[in-house]
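Accompanying notes for the structure given below.
The values are calculated or read from the model by the stated rules, or taken from the named source; none is laboratory data. If you're wondering where the values come from, they're calculated on a predicted model, not measured in any experiment. Quick reminder, even Gly has a Cβ in these numbers, built from the backbone with ideal geometry, and neighbours come from all protein chains shown.
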Protein chains: 2
Amino acid sequence: MSLLIVGTMAFDALETPFGKVDRIIGGSATYAAYSASNFTKPVKQVSIIGGDFPIEEITLLEERGVEFEGVEVVPDGKSFFWSGRYHMDMNTRDSLITDLNVLAQFNPTIPESYQDCDFVMLGNLAPEVQMSVIRQLHKKPKLIIMDTMNFWMSIALDDLKKAIGMVDLLLVNDSEARELTGEYSLVKAAKKIQAMGPKYLIIKKGEHGALLFYEDKIFSAPALPLEDVFDPTGAGDTFAGGFIGYLARTNNVSFENMKAAVIMGSALASFCVEKFGPDRLKEITPVDIENRVNEFIELISFNIA
Amino acid sequence: MSLLIVGTMAFDALETPFGKVDRIIGGSATYAAYSASNFTKPVKQVSIIGGDFPIEEITLLEERGVEFEGVEVVPDGKSFFWSGRYHMDMNTRDSLITDLNVLAQFNPTIPESYQDCDFVMLGNLAPEVQMSVIRQLHKKPKLIIMDTMNFWMSIALDDLKKAIGMVDLLLVNDSEARELTGEYSLVKAAKKIQAMGPKYLIIKKGEHGALLFYEDKIFSAPALPLEDVFDPTGAGDTFAGGFIGYLARTNNVSFENMKAAVIMGSALASFCVEKFGPDRLKEITPVDIENRVNEFIELISFNIA
């Protein structure tokens with residue numbers, strides 16, 4: 001089934017305890033597209049880029065089945081740029097520079113050819129932009145998932161809550177779930193978020209895995225214990241892309257199938273952090289993914305005698 | 001198979017965001033014995049108590065198959081007392097009072113009747129006391145497991161490393177693993193700890209579950225997501241007691257069986273935190289444990305289509 005992804009396509013400058021890169025490809029929609037395209041085609045991308053965005057990167061994505069009709073190019077504009085430095089624990093980071101550039105004028109138009117998408121991923125963006133995408137859809141998709149971040153809780157909480165009320169599944173990390181609800185217990189936080197609208201909720205816990213909530217059921221997915229997390233940038237978007245890409249391929253939005261999708265997303269995210277930027281995602285093959293999924297199965301399997 | 005447990009039997013005063021208790025039963029060996037006795041008998045206890053330790057508590061434990069020949073009673077002494085206050089996250093706490101009392105003179109003698117124990121749990125104690133217990137054993141047990149805490153890393157690191165070198169399995173939490181090795185990555189920390197001697201290592205991650213390491217294999221156990229962690233005191237000792245109690249019952253120290261034992265320990269720990277002190281552990285039945293284990297299985301089960 002076809003998949004619509006809206007989000008940023010950008011440049012990042014990153015500093016981790018393992019090294020530094022000045023200007024590499026990034027953005028939520030970039031990571032999500034690299035990840036989702038392992039499972040489903042076409043991926044109908046919605047984003048905005050400047051004339052500085054490398055044509056080779058677009059070609060690479062097109063070869064993977066990513067469509068660009070919904071990507072606005074501002075020839076004399078600059079692409080969104082973010083620069084950050086990770087702390088030793090790799091779970092916290094400082095934003096050093098955030099240059100919105102063309103993103104400041106992002107007001108996406110959904111092309112007619114995208115209206116057949118049954119699966120929609122709203123990457124982290126201003127909630128009003130996320131809502132505008134939903135409002136432009138002629139028919140209700142099978143599944144709309146939405147990512148966000150604490151920044152929007154600070155400056156656009158009312159809009160954020162409206163947007164959350166319009167989606168089927170929300171993705172947040174544990175600290176965001178706590179901030180959004182004022183509840184320390186993730187189980188209580190999940191109940192409050194589900195009461196805002198989404199039937200499904202995924203709470204991402206970084207090196208501790210992820211929790212999927214549906215009604216009063218919970219699925220706990222581990223993260224693969226890694227020797228080194230080289231660069232966590234984009235891991236959340238890669239997770240989301242793998243998750244919804246797998247759902248689109250299997251065309252099944254049951255809770256049972258979502259559990260498998262969480263494992264797929266986790267597997268893709270575990271590749272993402274092995275190199276800077278989306279580099280590792282460009283290399284992996286279906287066999288790599290299958291082997292990685294088997295590592296997840298091995299990691300949690302046990303038998304009671 | 002019979003099990004030897006050495007550790008503290010004590011009084012605790014606790015303050016959590018949910019309430020406060022002034023003087024309840026505590027101690028690593030108390031929690032471990034309540035937990036292990038769900039699986040195996042006898043549990044041969046080694047500890048030291050003052051004349052103030054309640055006889056009803058001893059009777060309760062004896063009814064569960066816990067033997068007291070190795071518990072020294074100092075009639076005119078006071079039992080070890082600890083008082084602590086938990087922070088909102090329940091993962092961190094401040095020690096308010098630590099009165100060693102009779103624990104200051106703890107120099108355990110292992111009774112002849114305990115020499116048949118094939119399974120040995122060394123609760124958190126001074127490493128020299130832990131080593132003294134091992135040295136008193138006439139034959140090598142099937143499995144010696146050892147708990148410790150960051151306090152001993154600060155004041156007795158050399159002794160601690162010697163003790164670690166004498167056991168088959170070390171239990172630490174994630175921050176202790178990092179402190180002991182200077183490695184942030186738990187995979188790297190585990191390799192360094194395994195190089196110190198123990199073939200097996202369990203890293204406890206509180207609300208994020210636990211990791212079991214053996215050779216280059218890892219097993220990841222979830223924690224049950226709970227609405228409220230009422231009182232985390234003793235959860236680690238309860239985990240350890242359930243873990244080794246299950247191994248003693250099944251008399252099987254393979255990595256495969258240890259995975260099941262980690263789930264048993266996790267299930268017992270998930271009960272422990274539901275009430276103050278060991279209260280909840282006194283109530284639970286074999287059916288409660290079976291149901292809880294099934295919740296763990298449900299929590300992590302998935303199928304890839």
Does A:ASN303 meet the test of being polar (S, T, N, Q) and under 27 Å from A:GLN45 (Cβ atoms)? no
By residue number, the members of segment B:136-158 that are within 20 Å of B:ILE5 (Cα to Cα) and surrounded by 14 or more Cβ atoms within 10 Å (Cβ to Cβ) are B:GLN136, B:LEU137, B:PRO141, B:LYS142, B:LEU143, B:ILE144, B:ILE145, B:MET146, B:ASP147, B:THR148, B:MET149, B:TRP152
If we take segment B:52-156, then strands (runs of 3 or more DSSP E) inside it with 2 or more residues that are in contact with a Lys or Arg (Cβ under 8 Å, 6 or more places away or on another chain) and either of a type in the set (S, T, N, Q) or within 27 Å of B:PRO42 (Cβ to Cβ) (or both) are B:66-74
Counting only residues that are under 15 Å from the mean Cα position of the chain (by Cα) and more than 20 Å from A:ALA261 (Cα to Cα), segment A:26-68 contains a total of 5
Of B:PHE53, B:PHE39, B:PHE18, B:PHE81, the only residue that is at pLDDT 95 or above, surrounded by fewer than 22 Cβ atoms within 10 Å (Cβ to Cβ) and of a type outside the set (Val, Ile, Thr) is B:PHE81
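Please go through segment B:256-277 and give me each residue that is at pLDDT below 95 and touching a helix residue (DSSP H, G or I) at 6+ places or on another chain (Cβ under 9 Å), ordered by number. Steps first, please.
Of the residues in segment B:256-277, the ones at pLDDT below 95 are B:273-277.
Result: B:VAL273, B:GLU274, B:LYS275, B:GLY277.
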